[in-house]
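Input: a single structure, listed below in structure tokens.
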Amino acid sequence: MTSDASTPVVDARGMKCPWPALRLARAMRTDRAVILLADDPQAGREVAALAVEHGWAVTTEVDGRWLVRCS
């Protein structure tokens, strides 16, 4: 996963869904790209659904890390 050093990180590890997706949505209001850290097994499905709803591009999940960008 490649990203700019200035890309904000949303650390939602230890939070159960829907909190990781909610934190991601809040961060995406002000940033065009965000790295999400989440360890809830449901986070992948929640992030994917949120991305489809908002038209965001999501890189493949790597060890609980997603890079989400505005398309």
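Values in this text are rule-based calculations from the coordinates and carry no lab data. Note that the coordinates shown come from a computational prediction; the quantities given were computed from them, not determined experimentally. Cβ placement follows ideal geometry from the backbone for every residue including glycine, while neighbour counts extend to all protein chains displayed.
Tabulated results
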| quantity | calculated |
| --- | --- |
| Per principal axis, descending, Cα span of the chain in whole Å | 26, 24, 20 |
| In the chain, the trypsin sites (Lys or Arg not before Pro) that fall in loop regions by DSSP, at most 10 other Cβ within 10 Å | ARG29 |
| Candidates LEU37, LEU24, LEU50: whichever shows maximal mean-square fluctuation once the chain is modelled as a Gaussian network with Cα springs under 10 Å | LEU50 |
| Virtual spin-label span in nm between ALA49 and LYS16, 7 Å along Cα→Cβ | 1.6 nm |
| Within a Gaussian network of the chain (alpha carbon springs, distance under 10 Å), most fluctuating of ALA12, ALA38, ALA57 | ALA57 |
